[in-house]
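Below is one structure, written out as structure tokens; the observations come after it.
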Amino acid sequence: MHNVPLADVKDVLVPVDGSEASLDALGMACRLVQRHKGNVFAIYVIEVDRSLPLDADLYDETAAGEAILKNARAIGRKWDTDIEAEILQARDAAQAISSEAIERKVDAVILGIEYDRPFGEFQLQRHAQQVLKHTPCQVWVCRRGIQE
């Protein structure tokens, strides 16, 4: 992977969880890749408990993921961008995101995170910290402001 200038970003991975922040990040990715007719990859990661086999049939979680990815594809249509969407099952979501970014050779990962200010301090969500630490391409964190 290489460091690509913002204007030249072509392929982007966006983990989605159904939150407004993750869907905002997806819209940002669509706008970003339009210039080069790039690719947006949306992934929904189901974290599988260690007590279950990794390929366990998790019907409710899969159904929730399909609904979120359907929403993701609709955002892509709004921006005239085809989104390749996939559900992944993994033990750790951050590791799955980093591995997927490497496998797909994306230029950037865009993480949408919600505003969370416990005890007056800003803290990145656990998965965002790990993705930032272990993903070799650019990682952008888009945090939504307070929604009133």
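Please compute the Kirkwood hydrodynamic radius over segment 6-143, one decimal place, Å, based on all pairs of different Cα atoms.
Values: mean 1/r = 0.0657 Å⁻¹.
By the Kirkwood definition, the hydrodynamic radius is 15.2 Å.
Residues whose amide H comes within less than 5 Å of that of Ile113, counting only those at least five positions distant or on another chain, are Cys142, Arg143, Arg144 (H built at 1.01 Å from N in the peptide plane). Here the gap between Arg31 and Asp8, fully extended at 0.36 nm per residue and compared with their Cα-Cα distance, gives a gain of 7.0 nm.
Subtracting the Cα-Cα distance of Ser99 and Gln129 from 0.36 nm times their residue separation leaves 9.3 nm of extension gain.
Before rounding to the nearest 500, sum -39500 (n - 2.57) across all DSSP H runs of length at least 4 in the chain and divide by the residue total; then give [θ] at 222 nm in deg cm²/dmol.
-12000 deg cm²/dmol
Pairwise Cα separations in segment 45-95 fall into 10 Å bins from 0 onward with the following percentages, short to long: 25, 43, 24, 7, 0.
We did not get these values from a lab; they are worked out from the coordinates using the rules stated. Quick caveat: nothing in here was measured; it's all calculated off a predicted structure.
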